[in-house]
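Heads up, the thing below is written out as structure tokens.
What follows draws every value from the coordinates through simple rules; no lab data is involved. Just so it is clear, the model here is predicted, and its values are computed rather than measured. Ideal geometry is used to build each Cβ from the backbone, glycine not excepted, and the neighbour counts take in all protein chains shown.
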Amino acid sequence: MAQTNNWVDIVESCPPGDGWGPPVTTDTTLNGVPYAPFSKGDKLGRMADWTTDGKTDGRGGRQQYNRNYRDQQVYGSNSAVTFNAPPAEDESSFSVVSNTRDTAKTRYGRGAIFTRGRGQRGGRGDARTARSSALNRTGPPVGRGGGYNAERGRGGGHRGRRFGWKDYDKPQRNRDASINIKPDWTLLEEMDFNRLVKLNLETDDGEDVDSYGFVYQYDRSYDKPPVKGAEKKLTPIDRAAYNVTTSSDPIIQELAEKDEAVIFATDSILSVLMCAPRSVYSWDVVIVRQGNKIFLDKRDNAALDMVTVNENAADAPLEAEGGKEGINNPPALAEEATYINHNFVNQVVIENDSRRVDMPHANPFYNASEDTDPPASKAYKYRRFDLSTADEEENPVHLIVRTEVDAVQKNAISSEDQFLTIKALNEFDSKAQGSGGALDWRTKLVSQRGAVVATEMKNNSCKLARWTVQSILSKSDVLKLGFVSRANPRSNDKHVILGVIGWKPRDFAAQMNLSLNNGWGIVRTIADMILAREDGKYILVKDPNKPVLRLYQVPAGSLDGDEDDHEEEDVAEESADE
């Protein structure tokens, strides 16, 4: 063929019928050899192009998957194997050389992906790192995992956890109810927490009806931070303290006979109802209606008498039997916290009769002939609140609650007496399971007090809310919170006092986002349910595993039989141990 210089001469020199590609035909074979026809989605821009690598068209080649073309059929895919040429020689001795940069092996293992937390500097990561950083925001693992730390910012915590990380692998927590629901109980109402948080009722600050008992002066030396290594030990002090239920209180019985109110309760029971949406563990309240009066009672050794520990933590303490972790399960921690609160209140007061403040009446529960221990520093204030609505002026609904005050102190400015409510938070082991990412109190309580308190507000939201409500109901001037830790994390019988912090109750409630009006709305709603029914005994139970309250009607004598059964079980266990 003569040399030509243009494409027209080349095309004209080709014999007829020759050209690029197979001839137009409806068969899928050409001279007995199968071929793959073009897909309808292919865009033919050139007759032939040997320079493209199959990636410039945005689809990565005809056979590569792309979600933009997932609904289009690719013709000839089943015949692709036909066109693969067999290997001409043995290629087993050849190896593929990667041009990617080798990743240095770290002590966390090959392939570990570290994300940048907020406030940390670092280079640009790949796509996986960017997605992981946007989802987790936990930073590189330090100590026992990521979490929030006031010193390092998010991602530098020492005993936190990555929320959402392996949540599917957590053990299922099926807690037991505080009371056994019997078959003869009638379910009347079922209220979920989403409904309760929407209730609202505005009330006044209440008025004092009468006061009983006495209180000692508070020892201000506990407000000073202790010297490291010279903390004060928590000392058991035997004092007579009482937790009498509502219907057994002689003062409330007298007020009920005088028709002073419609609803009667104690601050412990009332605070449980007002803070019900924050609760996680199961509890129960016995409600008795007699005529037009309602008594909110509790059973003997009820669950609401115990002080819970880290009830609201994201990784709450787990049930464990025996072993070293036996002292860190929920029942053991609750018993330890209750013991600490009982002794802490008695230790931080100065038992001096010259500094004692007496109420108008003596302690109604103390009997000198029967009680061998002296009475504890406690004042009982019976206060009345108006729960009426605008259209109930003729028939008002009043509530009388028995509140408690623990101590008194002089105002530094006006020298007036300030009544105190004293409670104690306890630290069991900041490194153990169930600690909720709490900081070490011995090293952080003084330097990072705000971070310590914020963590306790998160892990013990229900407990702190109840204490705050009790202090507001009693009209206390200051709420004192003590921080008590174990002398040895592996032993729960010796404790030290690390400090005491005081707040005004309403200011502390505002920090916790605690609404008193919502609590009063819950109490009034439950009271209306009981007033709409006949006289009898009812019980309100918090579901152990769901955010639900259930109201049951209990036959006469049913709860008495339940208490007898528990006593028989205790006797049987004691005899078996012997």
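Looking only at region 186-577, where both bridge partners belong to it, what percent of the DSSP beta bridges are antiparallel (to the nearest 5)?
Percentage antiparallel, nearest 5: 75.
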Quiz prompt | Neighbour cut-off at most 16 other Cβ (10 Å), DSSP loop, trypsin sites (Lys or Arg not before Pro), region 388-462 | solution = LYS431
Quiz item: Loop-only check: which trypsin sites (Lys or Arg not before Pro) in region 244-327 are DSSP coil with at most 10 other Cβ within 10 angstrom?
Solution: LYS258
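Sorted by packing (mean other beta-carbon atoms within 10 Å per residue), highest first, where do 359-371, 508-520 land? List each step's numbers first, then the result.
Details: 359-371: 13.1, 508-520: 17.2.
Going from most to least packed, we get 508-520, 359-371.
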Practice problem: For region 186-577, build the charge dipole from Cβ charges (+1 Lys, Arg; -1 Asp, Glu) around the Cα centre, then report which of LEU551, GLY521, ASN459 sits farthest towards its positive end. | Solution: ASN459
Quiz item: Of LYS182/LYS298; LYS293/LYS378; LYS224/LYS410, which pairs sit farther than 24 Å apart, going by alpha carbon to alpha carbon?
Solution: LYS293/LYS378
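In what sequence, highest mean first, do 374-382, 332-340 appear when ranked by Cβ atoms within 10 angstrom? Display every interim value, and only then the final one.
Details: 374-382: 21.7, 332-340: 19.1.
Descending mean neighbour count gives 374-382, 332-340.
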